[in-house]
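Structure first, then comments.
The values are calculated or read from the model by the stated rules, or taken from the named source; none is laboratory data. Treat the numbers as computed from the prediction; the structure is a model and nothing was measured. Don't worry about glycine lacking a Cβ; one is built from the backbone with ideal geometry, like all the others, and counts go over all protein chains shown.
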Amino acid sequence: MTTAKETAPGTGAVVHGQEEIITGCDAVAQALRLLDVDVLAGYPIRPYDSVMSAVSKMIANGQMDAEFIVAESEHSQFEIGKHASLVGARAFIGSSGVGWLYGMEALVVTASLRLPVIALVGNRALDDPGAFGVEHNDALMVRDTGWLLYWVESAQEALDTTLLAYRVAEDKRVMLPCALSMDGAFLTHSQHIVRVPDPEPVSRFVPPYDLGDRQFHPDNPISVAPQFNEDWVMEARRQSDAAMRRARGVIKEATADFHRVFGRGPEDPFVDSYRMEDAEYALIGMGTVGMVGKLAVDRLRAHGKKVGFLRVKWFRPFPRPELRSLLRNLKGVGVVDRDYSFGSNSDAGVLYTEVAAALYPEPQRPVLVPFIAGLGGREVSAENMQEIVEITEQVTARGEQDTTCQWIGVRGPEADPRHAAGPSPEPAEGVAR
Amino acid sequence: MAAPELIVPDLEINRRLTVLPMQEYYASGHRTCQGCESALVMRYMAKVAGPRTLVTGTTGCMYVANTSYNSTPWVLPWAHTQLGSAGSSAIGTAAALKVLMRKGKIADERINVIAFCSDGGGGDMGLATLSAAMQDTRYNLLILLYDNESYANTDIQASGMTPWGAVTAFTPSGKVRRITHHRWKKNVPALLMAGHPTGRYFANTSSGFGMDLMEKVRTALDVGGPTFVQTHDPCPKGWDYDPRMSHELAVMAVECGITVLWDCLEGELRYQGLTKQQVEGKVRRRPVADYLRRQGRFDHFADEDLDFFQSRIDEMWEDWILPGVLRIKQTPLGRLPTSSAHPQASAHGPEAAAARGHRD
């Protein structure tokens, strides 16, 4: 552990803080301490739960002052967070896998009530069969409900984005909850060197939470969420829609301010672009596949291939304009989903579907190839990523949009492409073969 | 946010209510049914809670029929919470108040936190949250369960607190099966009291006994900590009777010994009013048929159904050590003397029903 004092580039501001070797979950916990979060509700499920263990330890040791509630279910956990937020407390929740889905109802109302609760989703495969490993389907379940969604790649990004998340979510122009997704095990429990800032710049970056005239207090006798019915629900939905669209600008503004205050952070708030300057091919992914994706790009570049990697950071709001300008002049693009959407367009994953839709209005589009990899926590190697680039090149060389989804790293008969493409061994009655 | 003038007499020293405030904190604006007793319960509750109170309420009649947009009856701050979330909304609200006061982010004062729920929301779906709320002694909160004995705003479906045999949208009486609601009503206040030694106050009351109800709400708020009050609220729509009879039915349920007026403050069980006189053998219980026969939901009852119902009620008065509260007949220490009170010699004992080979 070292204490660092350095000058933020271009600003002259002295940035205090210290470097620590901590996990992704610990990094979020440090951010929560710096943010002086008021109410946290936890319920056990691996792997997100380490953040709650870390926070409760800090509270027990007097490093943090907050009410920590061990809830009796995720549904209660999220309702506790929602109601605490309504009273004016800065609230934090989190979950993984089916736990996140158990509290789905509470998640939906948190968003529709426009309460800026922040959640950590330690991405985990959904049951059944049980698996602890990462899949992104858990957090993606709320993608249509008004939650801001972000996928981080490193512990440092986890800490920084937690600060950013509260700043954006609590902005009066936004007032939406935000779920920070972190690949289970690969990031929740792996240690990185993380620069932990001092509280002072954090309080400058994130002003106190102020609900204004929506604060639930005896001095402000309001009725919250009365029955709207067909009279007004559509207008309420439209307000949430407007807030989500405004979030794009607020995210840009907050990211620029993060630079000013902390002297670091990405240039592009939405997409992490790696070696894209003269790229003809690119891979797209979310979360920790970025690490191996970038490694594969380095190897392929050494062999003269013009390939880059794009990591989608904010999934909601979706970086439509950024991806359009980054992708429109490429030859071929492989989208690597660590999730699935059975029966969807191209029988591919959620990210592919979104990227394809984003590119549709472009007059000139790259060949877009869907991939599914790393489900249930299966490792995605740099070799896998190289294979994905090769397949993308082959499909592109054929000169037509082939949207057959490729599953990478599948074993047994399921590995055979004909397994999915061929006729069912027991066709439904009346179906011609 | 300007603080309104505090216009309620200091009720902290007035647990046995002798002065009631004129002010109403649950006023016009709701669109509940004619004869709705639960709306009356809300009014009683708000009146004695006073203006320094935050109320959350689950989905149910007291949401859907109560609070239409632009037409709220709540003078107090009120917030909707999800059907199974009474306990969690109370904990979240109370925890936020506590930490914000501790950090000086809001003024440090006594603010009541009340979460109300229905028999479906509290007794069925949200029971685990009530349990969690009764455990968390860090917070002052009151859960009020208004029991109108069905999911009454949806379409009158059976809940775990619908009386045995009652007709509901999901438990009709048919040509082959006369009775299709097979569950005996669960006793939520007793179940919470028995399992949560940290809960400071548990009470069962009735919309027909306004003073009893208000005293229990006030006692709960005064003692603080986790507290629970349940009210028995006749429902003309769900029970199928003339709305004019709501109050009479609430009283009759107590007269028959079906609803039991009791509370338990810091582990001390007490009976109130008519119930107390029944326990002491000063008043005889009315036959339950008087109560059941006045409601359409029991129209299909045959004599043997009435006998069975009576036998169950008799059992809870004659064989339980704590009459009408906890189904304990015998302990390793033998029977306790409190069970000696037999207010009515009944010809409908449980053994008699068993001998008749009663089947539900």
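Key figures
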{"quantity": "Pair list, Cβ under 9 Å, 6 or more apart: the stretch A:155-171 residue under 17 Å from A:Val271 (Cα atoms), other residue of a type in the set (Lys, Arg) and in a loop (DSSP other than H, G, I, E, B)", "calculated": "A:Gln156/A:Arg264; A:Glu157/A:Lys313; A:Asp160/A:Arg264; A:Thr161/A:Lys313"}
{"quantity": "Complete set of residues in the stretch A:205-230 that are among the acidic types (Asp, Glu) and either under 19 Å from B:Trp74 (Cβ atoms) or in contact with a helix residue (DSSP H, G or I) (Cβ under 7 Å, 6 or more places away or on another chain) (or both)", "calculated": "A:Asp213, A:Asp219"}
{"quantity": "Some residue of the stretch A:182-195 being at negative phi and either without any contact (Cβ under 8 Å) to a residue 60 or more places away in the chain or within 14 Å of chain B (Cβ to nearest Cβ) (or both)", "calculated": "no"}
{"quantity": "Wholly enclosed strands (runs of 3 or more DSSP E) of the stretch B:34-131 bearing at least 3 residues away from chain A (no Cβ under 11 Å)", "calculated": "B:112-118"}
{"quantity": "Filter pass, A:Met141 being under 19 Å from A:Phe342 (Cβ atoms), surrounded by fewer than 21 Cβ atoms within 10 Å (Cβ to Cβ), within 14 Å of chain B (Cβ to nearest Cβ) and of a type outside the set (Lys, Arg)", "calculated": "no"}
{"quantity": "Within the stretch A:60-82, tally of residues that are within 19 Å of B:Thr137 (Cβ to Cβ) and either within 11 Å of another protein chain (Cβ to nearest Cβ) or in contact with a His (Cβ under 6 Å, 6 or more places away or on another chain) (or both)", "calculated": "9"}
{"quantity": "Members of the stretch B:120-134 that are crowded, with 24+ Cβ neighbours inside 10 Å and within 16 Å of B:Phe202 (Cα to Cα)", "calculated": "B:Gly122, B:Gly123, B:Thr129, B:Leu130, B:Ala133, B:Met134"}
{"quantity": "Residue that is nearest to the other protein chains (Cβ to nearest Cβ), among those in the stretch A:224-265 that are farther than 20 Å from A:Lys82 by Cβ and part of a loop (DSSP other than H, G, I, E, B)", "calculated": "A:Trp232"}
{"quantity": "Test set (1) farther than 30 Å from A:Met291 by Cβ; (2) under 20 Å from the mean Cα position of the chain (by Cα); (3) in contact (Cβ under 8 Å) with a residue 60 or more places away in the chain - A:Leu140 fails condition number", "calculated": "(1)"}
{"quantity": "Output for the stretch A:378-433, where each listed residue is at pLDDT below 85 and assigned to a helix (DSSP H, G or I)", "calculated": "A:Gly412, A:Pro413, A:Glu414, A:Ala415, A:Pro417, A:Arg418, A:His419, A:Ala420, A:Ala421"}
{"quantity": "Total residues in the stretch A:357-379, condition under 16 Å from A:Leu140 (Cβ atoms), among the hydrophobic types (A, V, I, L, M, F, W, C) and without any contact (Cβ under 8 Å) to a residue 40 or more places away in the chain", "calculated": "2"}
{"quantity": "Set A:Pro208, A:Pro201, A:Pro221: member being within 14 Å of chain B (Cβ to nearest Cβ), of a type outside the set (A, V, I, L, M, F, W, C), more than 23 Å from the chain's Cα centre (by Cα) and surrounded by 18 or more Cβ atoms within 10 Å (Cβ to Cβ)", "calculated": "A:Pro221"}
{"quantity": "Selected residue [over 21 Å from the mean Cα position of the chain (by Cα), over 23 Å from B:Tyr151 (Cα atoms) and surrounded by 18 or more Cβ atoms within 10 Å (Cβ to Cβ)] from B:Phe301, B:Phe308", "calculated": "B:Phe308"}
{"quantity": "Pairs with Cβ under 7 Å, 6+ apart, first in the stretch A:231-260 and surrounded by fewer than 18 Cβ atoms within 10 Å (Cβ to Cβ), second outside any helix (DSSP H, G or I) and among the aliphatic types (A, V, I, L, M)", "calculated": "A:Arg246/A:Val174"}
{"quantity": "Residue among B:Thr180, B:Thr154, B:Thr205, B:Thr162 that alone is within 26 Å of B:Asn66 (Cα to Cα) and either surrounded by fewer than 22 Cβ atoms within 10 Å (Cβ to Cβ) or touching a Phe, Trp or Tyr at 6+ places or on another chain (Cβ under 6 Å) (or both)", "calculated": "B:Thr154"}
{"quantity": "Conditions (1) without any contact (Cβ under 8 Å) to a residue 12 or more places away in the chain; (2) part of a loop (DSSP other than H, G, I, E, B): number failed by B:Glu149", "calculated": "(1)"}
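One line per residue, one yes/no per condition, for (1) part of a loop (DSSP other than H, G, I, E, B); (2) at pLDDT below 95:
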position: B:Asp222; (1), (2): no, yes
position: B:Lys237; (1), (2): no, no
position: B:Ala250; (1), (2): no, no
position: B:Ile258; (1), (2): yes, no
position: B:Gln277; (1), (2): no, no
position: B:Arg284; (1), (2): yes, no
position: B:Tyr291; (1), (2): no, no
position: B:Asp305; (1), (2): no, no
position: B:Asp314; (1), (2): no, no
